[in-house]
1. Among all residue pairs at least 6 apart or on different chains, which show Cβ distances below 9 Å where the first residue, located in segment 10-29, is more than 17 Å from I64 (Cα to Cα) and in contact (Cβ under 8 Å) with a residue 60 or more places away in the chain and the second is outside any loop (DSSP other than H, G, I, E, B) and not charged (D, E, K, R)?
2. Would you check which residues across segment 44-56 are of a type in the set (F, W, Y) and either open to solvent by less than 60 Å² (accessible area, probe 1.4 Å) or modelled with pLDDT under 95 (or both) and list them?
3. Tell me, which residue of segment 119-136 that is loosely packed, with under 10 Cβ neighbours inside 10 Å and at pLDDT 60 or above is farthest from the chain's Cα centre (by Cα)?
4. Looking for whichever is surrounded by 13 or more Cβ atoms within 10 Å (Cβ to Cβ), at pLDDT 95 or above, out of contact with any strand residue (DSSP E or B) (no Cβ under 7 Å at 6 or more places or on another chain) and polar (S, T, N, Q) here; the options are T59, T80. Which one fits?
5. Taking M102 and the conditions (1) at pLDDT 95 or above; (2) loosely packed, with under 13 Cβ neighbours inside 10 Å; (3) not in a helix (DSSP H, G or I), which numbered condition does it fall short on, given that it satisfies the others?
6. Which ones in segment 11-43 are under 25 Å from G77 (Cα atoms) and open to solvent by less than 30 Å² (accessible area, probe 1.4 Å)?
7. Here is a list: L16, L73, L29. Which entry is part of a helix (DSSP H, G or I) and modelled with pLDDT of 95 or more?
8. When only residues in segment 32-56 that are in contact with a strand residue (DSSP E or B) (Cβ under 9 Å, 6 or more places away or on another chain) and in a loop (DSSP other than H, G, I, E, B) count, which is farthest from T17 (Cα to Cα)?
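The values are calculated or read from the model by the stated rules, or taken from the named source; none is laboratory data. Computed from a predicted structure; not experimentally measured. Here the Cβ positions follow ideal geometry from the backbone for every residue, glycine too, while neighbour counts run over all protein chains shown. All accessible areas refer to the heavy atoms of the entire protein, side chains included, with ligands and DNA or RNA removed. Shrake-Rupley method; radii C 1.70, N 1.55, O 1.52, S 1.80 Å.
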Amino acid sequence: MEPHLSIDEVARRTGLTAHTLRYYERIGLIGPVGRTASGQRRYAPSNMAWIEFLLRLRTTRMPIGKMQAFAALRGAGDPTVPARRQMLEEHLAEVLAEIEAMRCAADALQAKIEHYRSCEQRLAPESSTERGNEHEQRKSVPAGAGQAEGD
């Protein structure tokens with residue numbers, strides 16, 4: 001079994017600061033954490049699993065107030081399982097809608113990028129070798145050549 005971790009170890013593993021971990025505990029996102037005889041926090045594997053889930057919720061941009069409501073339901077035990085499931089289903093629907101909106105926005109950006117690429121190709125000056133070849137061809141054709149007599 002994994003040993004209990006100090007706040008600094010949890011901070012390193014999660015990318016959260018010790019200040020944020022204490023704040024999450026203070027506002028009820030993380031339940032009371034075990035402590036040593038000297039009062040230092042010791043995070044159990046179950047604390048780590050919960051913190052990792054909170055980080056996933058944060059990644060999905062769940063507002064902290066909703067995270068607190070979810071944590072409160074979780075703390076109330078099994079009778080709240082249906083409410084927790086419903087809350088996550090509603091949030092998932094919001095996340096999927098945001099993903100679709102981002103997909104549409106990304107498609108629009110890609111189309112605009114392609115538009116500008118074609119504009120750049122159209123506006124780009126001819127390469128110097130092409131200009132040089134045209135200039136040489138014009139110089140080598142005698143004046144008046146190619147004109148029909150009597151023009």
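1. none
2. If we filter segment 44-56 for residues that are of a type in the set (F, W, Y), which is where we start, we get 50, 53.
Result: W50, single match.
3. Checking each candidate, the answer is P125.
4. Numbers: T59 fails: surrounded by 13 or more Cβ atoms within 10 Å (Cβ to Cβ).
Going through T59, T80 in turn, just one is surrounded by 13 or more Cβ atoms within 10 Å (Cβ to Cβ), at pLDDT 95 or above, out of contact with any strand residue (DSSP E or B) (no Cβ under 7 Å at 6 or more places or on another chain) and polar (S, T, N, Q): T80.
5. Checking M102 against (1) at pLDDT 95 or above; (2) loosely packed, with under 13 Cβ neighbours inside 10 Å; (3) not in a helix (DSSP H, G or I), the one that fails is (3).
6. L21, Y24, L29, I30, V33, Y43
7. Details: L16 fails: part of a helix (DSSP H, G or I); L29 fails: part of a helix (DSSP H, G or I).
Only one candidate passes the filter, namely L73.
8. T36
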